[in-house]
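What follows is one structure encoded as structure tokens, with my remarks underneath.
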Amino acid sequence: MHPTDISLIGIGGRVWLALLLVAGLGFFGYVIEKRLRPLLRAKPDDRFRDWPKRLANAFLYFLAQRGLFKDFLPGLMHAFIFWGFLIYAIRTLSLFISGFFPQIDVPASPVGNLYFVMKDAFALLVSLGCIYWLYQRLVARKSRLTLSWEGVFILGLILTLMISDLLIDGAHIALDGENLRGGWDFASAGTGWLLQQVGFSPSAITGIYMGAWWTHVLTILLFLNFLPLGKHFHIITSLPNVLFYKTQPQGQMTKLDVEGAFEREESLGLRTVKDLTWRDMLDLYSCTECGRCEDECPANHSGKILSPKEIILELRDQVYKENPLFGKSAGVSEDVVPVAVKADEIWACTTCMACVAACPVQINQLDKILEMRRNEVMMKDQYPTFFTEVFKGYDGRGNPWNMTSDARLEWTKGINVPILRDLHARNEHTQIDLIFFVGCATAFEPRNQTVARSLVKIMEKAGITFAILGDEESCTGDAARRIGHEYIFQVQAEKNIQTFSKYGITKILTACPHCYNTFKNEYPDFGGNYEVLHHSELIADLIQQGKLRLTKGLEKKITYHDSCYLGRYNNIYDPQRAAIDAIPGVKRVEMTRSRERGMCCGAGGGLMWVEEDQGKRVNDRRLKQALEVEPDILATACPFCMIMMEDGIKNNDVKLQDKDIAELVADAME
């Protein structure tokens with residue numbers, strides 16, 4: 001008798017298998033339908049373009065598991081389990097088919113043999129991965145992991161599947177007395193040899209085979225039905241989640257029809273879970289609770305209440321609460337703030353996007369936080385009191401610093417800086433290469449004014465003709481938008497675009513990554529399309545072209561602090577480093593957290609104007625990371641970062657210079 005024939009005792013066994021399949025798949029279908037309901041009712045989101053990008057992204061983040069390998073060993077162990085599941089999909093199907101049709105099996109052919117080599121290899125690798133993660137959960141107890149019984153239970157189920165599979169094929173080989181696959185199924189062959197060496201009788205081996213077969217089948221059905229009930233729902237939802245990722249620039253917020261919404265008495269932002277889009281809902285379903293986002297969050301690192309992971313889980317739990325699996329929904333949708341999410345959580349966010357960059361399944365935690373802020377500010381008029389002065393500054397003087405327009409020219413005293421209005425009056429505006437948009441922090445803050453002067457010196461040396469807007473310049477509105485006041489942002493955007501249109505401006509240079517991101521990624525939604533350069537890009541390009549000669553040596557060790565809005569928002573990491581490396585004598589050293597993993601200075605999202613509690617300052621944490629590599633100079637390329645790092649140096653009484661890229665290059669010019 002063929003071993004598979006004895007796994008089901010006649011017609012009765014097949015009937016039991018059929019009943020189990022109907023019950024298991026039926027319950028799975030019921031739960032999935034319940035989970036799909038809120039997703040299908042969610043707000044629309046146009047994610048059906050850019051298919052080449054989407055497919056490439058799905059390959060990298062789903063099949064290749066790219067997002068996991070930022071931490072190599074944990075990523076590899078998880079990838080073993082994931083790849084093993086892909087390999088075992090064929091095996092699972094063949095086992096169920098064999099229950100009804102014993103003669104059907106993966107053939108002993110070159111392709112079949114190759115499959116069994118891979119299957120047995122991954123049985124061992126998946127088991128290794130499970131043991132590793134059981135150790136992390138039960139012994140190491142890593143803080144970023146959600147330490148729940150669910151994770152241990154799932155790992156136990158996976159181990160059961162691997163062991164039972166080896167026992168099925170091992171018992172098969174032991175009963176046959178020979179390996180029809182010629183040893184390609186090496187792990188199963190080893191299991192069969194072990195069963196023979198122990199001295200089990202044929203009837204005992206038959207019992208092992210039957211027990212392993214049924215254990216495997218029942219475990220698969222149990223595992224399948226458990227998936228949509230907890231965090232392992234991501235096994236199902238991660239593929240569509242990475243397929244429908246955001247193909248627009250990461251630094252682009254969604255444009256809102258503010259006036260239209262008020263006229264239609266519609267809510268703005270995220271008030272209840274009914275305001276989530278279907279892609280938002282996928283995000284909630286796809287969280288693996290791995291805690292990588294929490295590990296990277298500067299607010300969390302500095303002891304604040306915010307955890308990006310908990311934001312997603314709190315929203316997910318609210319969706320589940322309002323859409324129960326059993327029984328009817330109450331029909332009332334509650335405000336997510338403060339019912340599910342505490343207000344302090346969303347106001348602690350620096351909008352650095354470290355959580356988004358860290359997520360292996362490309363969940364966008366930041367979008368949800370910003371949408372909740374929008375609703376709190378524009379619909380409820382509820383926000384921390386320190387933002388009141390920021391909004392007053394915008395309303396009265398067009399900038400969050402609440403400075404007068406003529407103060408924008410303070411930094412130009414003693415140097416000749418052309419103003420576009422004057423050039424236009426003399427009909428000389430056509431001769432300029434670009435407009436230098438100075439920005440509020442650079443124009444108003446004394447320490448950053450030296451950066452503007454250094455940049456002017458560089459452009460004059462390189463023969464770049466430029467002009468500034470002077471008192472016609474107005475804030476881009478970035479801070480207002482990130483705080484949640486979309487209306488103020490749109491007022492500022494329209495004002496600036498009108499000014500740019502009046503003078504026919506097409507090319508903008510800025511020393512501020514926040515201005516850069518707003519002009520490049522957000523103004524196009526309002527009809528403002530420009531060529532935008534960050535000053536570090538211009539400087540690096542001028543050095544490469546030989547228009548700047550750096551001859552003055554600087555025997556110093558320099559570490560560079562990445563700006564979030566330049567790096568993660570716009571993927572600009574190299575020009576700043578190239579400029580530093582071009583200075584003779586400089587030794588550049590990288591902080592442990594640099595480039596994509598660089599830690600925020602703490603100023604983004606409007607928190608520039610927030611006085612943090614002692615011991616919970618993000619800039620102090622970042623300064624400590626910089627000091628670990630023992631630099632002489634901390635280089636920056638953002639006025640906000642400059643201010644925060646300067647404050648950290650003064651507050652901690654540290655002997656360290658903080659220099660902008662432009663200052664370093666200007667000092668090194670011949």
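Read-outs: derived from the displayed coordinates by stated rules, not from any lab. Please read all numbers here as calculations on a predicted model, not as lab measurements. Here the Cβ positions follow ideal geometry from the backbone for every residue, glycine too, while neighbour counts run over all protein chains shown.
Are there any GluC sites (Glu not before Pro) in segment 502-576 that are in a DSSP loop and have at most 11 other Cβ atoms within 10 Å? List them by number. Passing both the DSSP loop test and the Cβ count: Glu555. For segment 324-336, putting each phi into the Karplus relation 6.51 cos²θ - 1.76 cosθ + 1.60 with θ = phi - 60° gives couplings of x, 5, 10, x, 8, 5, 5, x, 9, 9, 8, 5, 5 Hz, in residue order, rounded to whole numbers and with x for Gly and Pro. Hey, how many Å between the Cα centroid of segment 145-221 and the Cα centroid of segment 433-448? Taking the Cα centre of each part, segment 145-221 and segment 433-448 sit 69 Å apart. Rounded to the nearest 5, what % of the DSSP beta bridges within the chain are antiparallel ones? Beta bridges within the chain, antiparallel portion: roughly 5 percent.
For segment 234-326, GluC sites (Glu not before Pro) are listed when DSSP marks them as loop and at most 16 other Cβ atoms sit within 10 Å of their Cβ; the list is Glu265, Glu266.
Based only on the alpha carbon positions, what is the Kirkwood hydrodynamic radius of the chain, in angstrom? Spell out each step's value before the answer.
Numbers: mean 1/r = 0.0353 Å⁻¹.
It is 28.3 Å.
For Gln657 and Val610, the difference between the fully extended length at 0.36 nm per residue and the C-alpha to C-alpha distance is 14.5 nm.
Both the radius of gyration and Dmax for segment 114-218 are 15.9, 50 Å, in that order, over alpha-carbon atoms.
Centroid-to-centroid, using Cα positions, segment 41-74 and segment 510-537 are 26 Å apart. Each residue in Thr506, Thr559 was given a count of other beta-carbon atoms within 10 angstrom of its own, and listing them fewest first yields Thr506, Thr559.
Divide the volume of the convex hull around the Cα atoms of segment 76-146 by the residue count and you get 100 Å³ per residue.
Sorting 509-517, 183-191 by their mean Cβ neighbour count within 10 Å, with the most densely packed peptide first, gives 509-517, 183-191.
Could you rank the peptides 115-123, 646-654 by their average count of other C-beta atoms within 10 Å per residue, with the highest value first?
Details: 115-123: 20.1, 646-654: 15.3.
The densest-packed peptide leads the list: 115-123, 646-654.
Dividing the C-alpha radius of gyration of segment 400-543 by 2.2 N^0.38 Å, with N its residue count, gives 0.99.
Stretching Lys246 away from Ala407 to a fully extended chain increases their span by 54.0 nm, per 0.36 nm per residue minus the current alpha-carbon distance. Ordering of 47-59, 73-85 by packing is 73-85, 47-59, highest average first (other Cβ atoms within 10 Å, averaged per residue).
Scaled to the compact-protein estimate 2.2 N^0.38 Å, what is the alpha-carbon radius of gyration of segment 548-668, rounded to two decimal places?
Numbers: Rg = 13.9 Å, N = 121, 2.2 N^0.38 = 13.6 Å.
Segment 548-668 yields a ratio of 1.02.
Pairs Lys274/Lys309; Lys547/Lys587; Lys457/Lys557; Lys53/Lys255; Lys70/Lys246; Lys507/Lys556: which are spaced more than 30 Å apart, C-alpha to C-alpha? Don't skip to the answer; put the middle values down first.
Numbers: Lys274/Lys309 20 Å; Lys547/Lys587 23 Å; Lys457/Lys557 24 Å; Lys53/Lys255 23 Å; Lys70/Lys246 20 Å; Lys507/Lys556 35 Å.
In this structure, Lys507/Lys556 lie more than 30 Å apart at Cα.
Positive-end ranking of Thr450, His485, Gly470 along the dipole of segment 400-543, with charges on Cβ about the Cα centre, is headed by Thr450. Gyration tensor analysis over the Cα atoms of segment 323-413 returns equivalent ellipsoid semi-axes of 37, 19, 9 Å (largest first, whole Å). Between the Cα long axis of helix 149-176 and the first principal axis of the chain there is an angle of about 40°, rounded to the nearest 10. Could you give the Stokes-Einstein D for segment 364-452 in µm² per second, using the C-alpha Kirkwood radius, 20 °C, 1.002 mPa s? For these conditions, the coefficient is 133 µm²/s.
For Val117 and Phe27 in the same chain, what is the full-extension length gain: residue separation times 0.36 nm, less their Cα-Cα distance, in nm?
29.0 nm
Which value results for Rg/Rh of segment 36-183 when Rg is the Cα radius of gyration and Rh the Kirkwood radius based on the inverse mean 1/r? Numbers along the way, then the final one.
Numbers: Rg = 19.3 Å, Rh = 18.3 Å.
With Rg and the Kirkwood Rh in hand, the quotient comes to 1.05.
Using just its DSSP H runs of length 4 or more, each adding -39500 (n - 2.57), the chain gives a mean residue ellipticity at 222 nm of -16500 deg cm²/dmol after division by all residues. Around the amide H of Ser333, modelled in the peptide plane, lies no amide H under 5 Å away from a residue 5 or more places distant or on another chain. Angle between the Cα long axis of helix 202-226 and the longest principal axis of the chain, 0 to 90 degrees, nearest 10? In the chain, helix 202-226 runs at an angle near 30 degrees to the longest axis.
Segment 20-37 and segment 316-332 have their alpha-carbon centroids 17 Å apart.
What chymotrypsin sites (Phe, Trp or Tyr not before Pro) does segment 263-327 have in DSSP loop regions with at most 12 other beta carbons within 10 Å?
Passing both the DSSP loop test and the Cβ count: Phe326.
Taking the square roots of 5 times each eigenvalue of the Cα gyration tensor of segment 267-379, largest first, gives ellipsoid semi-axes of 23, 16, 12 Å.
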